[in-house]
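Some notes on the structure that comes next.
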Amino acid sequence: MDWTAFALSLKLAASTTVVLLPLAVLLARPLAWSGFRGKALVETLVALPLVLPPTVLGYYLLVALGAGSPIGQAYTALTGRTLVFSFDGLLVASLIFNLPFAVQPIQRAFDAIPLAAREAAWCCGLSHWRTLWRVELPLAWPGLLSAIVLTFAHTLGEFGVVLMVGGNISTETRTVAISIFDRVQAFDERGAASMSALLVALSFAAISAFHLLTRRIGRHRG
Amino acid sequence: MAEGLSVALRQRAPIPLDCQLSCAPGELIALVGPSGSGKTTALRCIAGLVRPQQGRISCGADTWLDTGAGIMRPPQLRRVGIVFQSYSLLPHLSALDNVALALWQLPSKERSKMAQEWLARTHLHGLEQRRPGELSGGQQQRVALARALARAIGDGSSAAALLLDEPFSAVDQVTRRKLQQELARLRRELAIPIVLVTHDLDEARMLADRMVLLHHGVSLQAGPPEVVMTRPANAAVARLVGLSNLFEGVVGQECAHATTFLEAFGLRLEVKGGQNWAPGTKVLWAVPPEGVHLNRRSHAVSREGVNQVLGRIEDCVVLGPFTHVTLRSAPGGARLAFSLPSHIARQDRIVPGAEALVTLLPQAIHLMPWEAQVS
């Protein structure tokens, strides 16, 4: 059992979820409620990671974040580190390949909030910011929860993009999915089996917890 | 501050509006019209949820909207309490928190105390912790009213208005009557302008000091409900208030003191009330069903009396204690609708085909400017 890889996976999943959630809320709100120009394009781009092979996505991220790219150079100038083959680059890649898993459930949840509920809040004198906190986020909570679970579980299991962007550097970019691949390559079947089983158990637990929580919310709202 | 709410709206699209109304503090104005007449849009303009193409709205000393001067205050900066048609309570908050939401600017202790007081005033004591899903329709309406009042009255620091968008349409009739009575009682204690949107003329008649009749977004007539309903300004208003006895006539040559003669149905009818019309003027006239009296068979009246119209019963519909009768007048062949207690209809054998004599009360006949397209 590669506990280092496992800890790294958890760290990546947690960081991705924490950073992505507010971004997804910001992106999902206008997608749900306004008909701005280019909305269809944005929706398509957000959904793209669902269908692209991870290696394709990984390849473009590698090119875009690499030492030869403006982004990569700017990052190195700022921090003295490189984006690719580092945890930071892995986080950026993870944010991008998780976009649909975070944005889509939240967008659907905002979609389901009737305009009348927000209007009632405005007519109670609540600012847009206060309406977001007191009305929109509580009502969209099942969608947020779904986004959290999907993002977290999906990050734990992502393989292709991580390998392309992060490589296979112990303690820096070797996540549990890559470690499993390593174990199989090294004919360490027991190692691979135990880590795989742990990943299955974790994903199962996450999704079960999500179902239990949403059912409780549903009962509360009656 | 004492001038209340003053509204003037004008737009062509998406919903045409040409509507003026004013409402003094403590006054209840009913905005009445058929569905699609723009009354809810007008209300939403007042609340700040819709921006009309042109308009001015002021409440007390505050200008809420002045499109000419580029002023459009958002709903948050207008002290309006609004009860929405479907209440729009927030499902994740208890009754108490729904009301407290409108008092968010108060410190939390005071907020919950005030919210509790409003719930008590709307007879919801003991239901503070229930969520909207656990309340009946009537209770939800009361929470919505408490929330609107909490917002509108608040600390009383600025001019406010209470807006009610068909607040009684989603409850059963018994609850509706009860809620209407509660509103009638409550409003006597409120010194703010109240605008009630409704399509129900009876509701307007029961609750409103004045009503504004809206049709295709245009305010056609404003006045006390009795006046609008019995003295419509024109044929369109007459039709909207359901005045079916609408006829053509010509003002007669002779005019006595405060009495006008009207040539109609080939008869000379007396009209009482100070309506100055030049002799020979072609007019429309209406008589509300209450102004048509059946001459009972048991009371031997002379057939020479004033405004008597002889005719044959064409249709009789018994609606519980009242029977609605349509009479085709022998002279002129006009259809007169009226109603009478069902037991009298039975006693006098008012059945289709029977002959009957009715009197049109001179003070109930109302003359209006002539216009074409009258059936």
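Each reported figure results from applying straightforward, stated rules to the coordinates on display, with no laboratory input. Because the structure is a prediction, the values reported are computed rather than measured. Ideal geometry is used to build each Cβ from the backbone, glycine not excepted, and the neighbour counts take in all protein chains shown.
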Hull surface over four for the Cα convex hull of region B:129-249, reported in nm², is 9.7
Among A:27-38, A:126-137, the order from most to least packed when residues are scored by Cβ within 10 Å on average:
A:126-137, A:27-38
Calculate the dipole size of region B:246-369 relative to its Cα centre from +1 charges on Lys and Arg beta carbons and -1 charges on Asp and Glu beta carbons; express the result in debye to the nearest 20.
260
For region A:146-221 and region B:153-229, compute the distance between their C-alpha centroids and round to whole Å.
60
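How charged is the neighbourhood of A:Gly166? Take every other residue with its Cβ under 12 Å from the Cβ of A:Gly166, and add Lys/Arg as +1 and Asp/Glu as -1.
Local charge sum for A:Gly166: -2.
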In this structure, the FRET efficiency calculated for A:Trp141 and A:Tyr59 from their beta-carbon separation, with R0 = 35 Å, to the nearest 0.05, is 0.40
So what's the gap between the Cα centers of region B:257-282 and region A:9-61, to the nearest angstrom?
78
So, over other residues within a Cβ distance under 15 Å of B:Cys45, counting Lys, Arg +1 and Asp, Glu -1, the net charge is +4
What does the C-alpha gyration tensor say about the overall shape of chain A? Classify as rounded when a/c is under 1.5, otherwise prolate if a/b is larger than b/c, or oblate.
oblate
Taking Cα atoms, how many degrees apart are the long axis of helix B:173-187 and the longest axis of chain B, rounded to 10 and kept between 0 and 90?
70
Test of understanding: in a Gaussian network model of chain B with alpha carbons linked when under 10 Å, which of B:Ile57, B:Ile350, B:Ile29 would top the mean-square fluctuation ranking?
B:Ile350
Using per-residue counts of other Cβ atoms within 10 Å, averaged over each peptide, order A:180-186, B:14-20 from highest down.
B:14-20, A:180-186
Residue by residue through B:80-86, how many Cβ atoms from other chains fall within 10 Å of the Cβ on average?
3
Mean projection of the alpha-carbon convex hull of the protein assembly as shown over all orientations, in nm²?
39.4
For A:Lys39, go through the aspartates and glutamates and keep the ones whose alpha-carbon is under 20 Å away, minus same-chain ones fewer than eight residues off.
A:Asp111
Round to the nearest 10 and give me the degree value, 0 to 90, for the angle of helix A:54-65's Cα axis relative to the longest principal axis of chain A.
90
Nearby lysines by direct alpha-carbon distance to B:Lys282 (threshold 24 angstrom, same-chain neighbours under 8 apart not counted)
B:Lys272
If you line up the Cα atoms of region B:5-231 on their principal axes, what length do they span on each, largest first, in Å?
45, 41, 30
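With a ≥ b ≥ c the root eigenvalues of the C-alpha gyration tensor of region B:246-369, is it rounded (a/c under 1.5), prolate (a/b larger than b/c) or oblate?
Verdict is prolate for region B:246-369.
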Just counting partner chain Cβ atoms within 10 Å, what average do the residues of peptide A:113-122 show around their Cβ?
6
First select every other residue whose beta carbon is under 13 angstrom from the beta carbon of A:Phe36; then total the charges, Lys and Arg +1, Asp and Glu -1.
+2
